[in-house]
Amino acid sequence: MKSVNKADYTPERIQRLFSGIPFFNEVLRADAEQFERLMVLSDVLEAAPGESVIRQGDTDRCLYFLLRGQ
C-alpha cells in the first residue's frame, strides 16, 4: 500500500470520503473536536488491485476502513 499525495486530498475531500463510514459520522455528531483530531491523524492509503490490506491472523496498531473493493 502507498500513502496518497496529501496535496491531492484536501481536508474537505478526505471528509467527504470519511462521510461514508458510520464510525466517523458518529464521532462527528458526538464531538466535532475529536473528529478534527481523527482527521489530522488519519491517512488515506491506496492498495493496488489484488493487493491485500490485512490478512486473517495479522495484527496491526492501525484501524482500516475499506472505501472501495472487497
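Every read-out reported here was derived from the displayed coordinates using simple, explicitly stated rules and does not represent laboratory data. Note that the structure is predicted; figures quoted are calculated from it, not measured. Every residue, glycine among them, receives a Cβ derived from its backbone with ideal geometry; neighbour counts consider all protein chains shown.
Here the sum of -39500 (n - 2.57) over DSSP H runs of 4 or more residues, divided by the residues of the chain, equals -11000 deg cm²/dmol at 222 nm, to the nearest 500. Mean-square fluctuation check for the chain, GNM, Cα pairs under 10 Å: which of ARG55, ARG16, ARG29 is largest? Its mean-square fluctuation being the largest, the pick is ARG55. Between the amide H of VAL44 and those of VAL4, distances stay under 5 Å, these residues lying 5 or more places away or on another chain, with hydrogens modeled in the peptide plane. Quick check: the angle from helix 32-41's long axis to the longest principal axis of the chain, C-alpha only, nearest 10 degrees? The answer is roughly 30 degrees.
Couplings 3J(HN,Hα) of the range 6-17, computed from phi: 4, 5, 7, 10, 5, x, 5, 5, 5, 5, 5, 4 Hz, in residue order, whole Hz [Karplus 6.51 cos²θ - 1.76 cosθ + 1.60, θ = phi - 60°; x for Gly and Pro].
Dipole magnitude for the chain: about 140 debye, using +1 per Lys or Arg Cβ and -1 per Asp or Glu Cβ, origin at the Cα centre.
Here the Kirkwood formula, the inverse mean of 1/r across different C-alpha pairs, assigns the chain a hydrodynamic radius of 13.5 Å.
The residues packed around SER3, meaning those with a beta-carbon under 12 Å from its beta-carbon, carry a net charge of -1 if Lys and Arg are +1 and Asp and Glu are -1. Could you check the spin-label model distance between GLU36 and LYS6? Points 7 Å from the Cα along Cα→Cβ, value in nm. Those two pseudo-labels are separated by 1.7 nm.
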